[in-house]
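Enquirer: Below is one structure. I have some questions about it.
The values are calculated or read from the model by the stated rules, or taken from the named source; none is laboratory data. Note that this is a predicted model, so its numbers are computed, not measured. Every residue, glycine among them, receives a Cβ derived from its backbone with ideal geometry; neighbour counts consider all protein chains shown. The protein model used for the area step is the full one, side chains on, heavy atoms only, and it has no ligands, DNA or RNA in it. Shrake-Rupley method; radii C 1.70, N 1.55, O 1.52, S 1.80 Å.
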Amino acid sequence: MQYRSTRDQAAKQMTAPEAILQGLAPDGGLFVPQSFPQPDYDLGALVNAPYQEVATTIWGWFFDDFSLASRQAIVRGAYGEQWDDSQIAPLSERVAGNYYLELFHGPTLAFKDVALQALPRLMKEAVTVTGDDKQIIILTATSGDTGSAAMRGFSDVTGTQVVVFYPDGGVSPVQLRQMLAMKGDNLAAVAVAGNFDDAQTEVKKIFNDQEFAARLAQAGDRFSSANSMNIGRLIPQLTYYFTAYGQLVKRGEVELGAPVNFAVPTGNFGDILAGYYAKKLGLPIKKLLCASNQNRVLTDFFATGHYDRRRPFHLTTAPAMDILVSSNLERLLFDLYDQEAGAVASLMKELNQTGEYQVTDEVLKRLHQDFVADWASEEEISEEIRRIYLAADYVIDPHTAVGSVVAHRYKERTGDNTPMVVVATASPYKFAETVYPAVTGKETAARGLQAIQGLNEFLGEELSPGVKALFEGDQRSEQRVEPSEMAQLIEKRLGLTSEQKE
Ligand SMILES: *Cc1c(COP(=O)(O)O)cnc(C)c1O
């Protein structure tokens, strides 16, 4: 299996370990399979296997440069005791007409753990496979959850340094606490004066700075990315679409081969793209519902074919989805344009230069074959948390609520009664300041840990180990930079001082 950049017309090839170590292609494009795998497999046998086995099989289709033994070892390490549910991604009972796929049972309480417990292990093995033993510098822009999950995943992993940039004032109190309290001498989290897109744009720029890269190489370092642009993050996310389907089949809710729908709370388009890849591999998915919050750039794009990031940026109660440039959409465009890298490159150039682009009617039509898009307002988010709680005693977080609103409205509008899985991307405790007032109907000024305590007392549940851990440990003090100072901060952190520049 070879990989190539979405923007490279020459389609230069690279192995999976190389692509995982590089993170992002030098031309700014994203790595995609040179030719998408078309494995011959028994769907019933696959989806009925334990999570770890399903992951090992799927990774074999995409990561065949890793031996079976190393894939098995990585999967065992990534999906072990650090999860508070042995199924890793359990599916709820039917709740108010839908199933909730709980992806928040990992150590940082959000779905990013699924990939970020795997990525550091994949990178370590990639270093062995390629023989390239430069220190890996993980640069990551985060809307909150990637930061803590990446820091947790790479904590004290030898040969790696992690620098996480998050929007100042744009992450939840728990997300902030997790990042500042994460133990590990190789970790740094830095606030950027700006929003997520500002941070992500600057990170991409630093990545593509050839002069910086050369200096790094001289010092024995290389950049890589833990963002969902990294193919090593994307592929591990395919697994739970298959195991969710398996759980429905096992319970007799779905006949093997019959279709299901997934509603996916979407920001950078990584989670839902994994669902699309699962569908391409033959998993019977009818529609993927792309659910946005008030930053509804994708809803508008799916309606008109016009991508337009020139709009006000809203800070919402679902901050992991406060994004106006959804990077992974580029991988979908690559498919919709029949793998024409030139077309993708020019759209991305337009987006960069003018903040907008328009796809053809034909492409828009193809988009609607697999996807439906809609969004939820702030008010709808808290109403939905309350509705689901009152209907079924089940508590969802604000991101999951966005998916839930969109799923509910889709079913009412279309009458489509295909079984619907709402992807539950975070623990409600991670965003307790929003969940508490929604379920209790009472206003509260409590935020962060205090709000968690309030919610916990109200629900009278045993807290999971991951939530309990939030109350332990000291935190670092906050560090804040302007976007223009990010590169300098990295140089300082890595000891690439200006004297060494000459
Ligand atoms: C990252 C995140 C999302 C959005 O996922 P994308 O892959 O960026 O689309 C949704 N919900 C939560 C809780 C997240 O952490």
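Enquirer: For the charge dipole of the stretch 181-331, defined by +1 on Lys and Arg C-beta atoms and -1 on Asp and Glu C-beta atoms about the Cα centroid, which residue among T243, A320, L216 has the Cα displaced farthest towards the positive pole?
Expert: Going by the charge dipole, the pick is T243.
Enquirer: A follow-up question, please. Hey, got the dipole for the chain? About the Cα centre, +1 on K and R Cβ, -1 on D and E Cβ, debye to the nearest 20?
Expert: Numbers: 46 positive and 65 negative charges, 59 e Å.
Here the size comes out at about 280 debye.
Enquirer: For the stretch 366-448, report the accessible area per residue in Å² (1.4 Å probe, heavy atoms, rounded to an integer). Can you show the working numbers first?
Expert: Values: 3180 Å² over 83 residues.
With all protein chains present, the stretch 366-448 gives 38 Å² per residue.
Enquirer: So for D397, D374, what's the accessible-area order with a 1.4 Å probe, most first?
Expert: The most accessible residue leads, giving D374, D397.
Enquirer: Tally Lys and Arg at +1 and Asp and Glu at -1 over the other residues with C-beta under 15 Å from the C-beta of P259: what net charge comes out?
Expert: Details: positive: K279, K280, K286, K287, K411; negative: E253, E255, D370, D416.
Net of charged neighbours comes to +1.
Enquirer: Moving to a separate point now. Could you tally the net charge around V75, taking each other residue with its Cβ under 10 Å from the Cβ of V75, Lys/Arg +1 and Asp/Glu -1?
Expert: On the way: positive: R71, R76, R121; negative: E53.
Here the count lands on +2.
Enquirer: Which order do the peptides 78-86, 400-408, 478-486, 164-172 take when ranked by the mean count of other beta-carbon atoms within 10 Å per residue, highest first? Please report the intermediate quantities before stating the final value.
Expert: Numbers: 78-86: 16.3, 400-408: 29.3, 478-486: 14.7, 164-172: 22.9.
Going from most to least packed, we get 400-408, 164-172, 78-86, 478-486.
Enquirer: Let me ask something else about it. Keeping all protein chains in place, calculate the accessible area per residue for the stretch 250-349 (probe 1.4 angstrom), answer in Å². Don't jump to the answer; show the numbers that get you there.
Expert: Numbers: 3040 Å² over 100 residues.
Per-residue value: 30 Å².
Enquirer: In addition: What ³J(HN,Hα) values, in whole Hz, does the Karplus curve 6.51 cos²θ - 1.76 cosθ + 1.60 give for the stretch 236-246 when θ = phi - 60°, with x put for Gly and Pro?
Expert: x, 6, 5, 4, 6, 5, 5, 6, 5, 4, x
Enquirer: What trypsin sites (Lys or Arg not before Pro) does the stretch 180-223 have in DSSP loop regions with at most 13 other beta carbons within 10 Å? Show your work: numbers first, answer last.
Expert: Values: sites: K183, K204, K205, R215, R222; in loops: K183.
In loop regions of the stretch 180-223 (DSSP not H, G, I, E or B), the sparsely surrounded trypsin sites (Lys or Arg not before Pro) are K183.
Enquirer: Amide H neighbours of A141 under 5 Å, counting only residues 5+ apart in sequence or on other chains, H built in-plane at 1.01 Å?
Expert: When sequence neighbours closer than 5 places are left aside, the close amide H contacts are F165.
Enquirer: Classify the stretch 56-151 as rounded, prolate or oblate from the Cα gyration tensor: take a ≥ b ≥ c as the square roots of its eigenvalues, call it rounded if a/c is under 1.5, otherwise prolate when a/b beats b/c and oblate if not. Before the final figure, lay out each step's value.
Expert: Numbers: a/c = 2.55, a/b = 1.54, b/c = 1.65.
It is oblate, given that a/c is not under 1.5 and a/b is not larger than b/c.
Enquirer: If you roll a 1.4 angstrom probe over the protein chains with everything in place, what fraction of the accessible area of the chain belongs to carbon and sulfur, to the nearest %?
Expert: Values: 8530 of 18710 Å².
It is 46 percent, rounded to a whole number.
Enquirer: Give me the count of lysine pairs in the stretch 362-502 whose alpha carbons sit under 27 angstrom apart, restricted to pairs 8 or more positions apart or on different chains. Intermediate values should be presented prior to the final figure.
Expert: Values: K365/K411; K430/K442; K430/K468; K442/K468; K492/K501.
Step by step, the pairs that qualify in the stretch 362-502 add up to 5.
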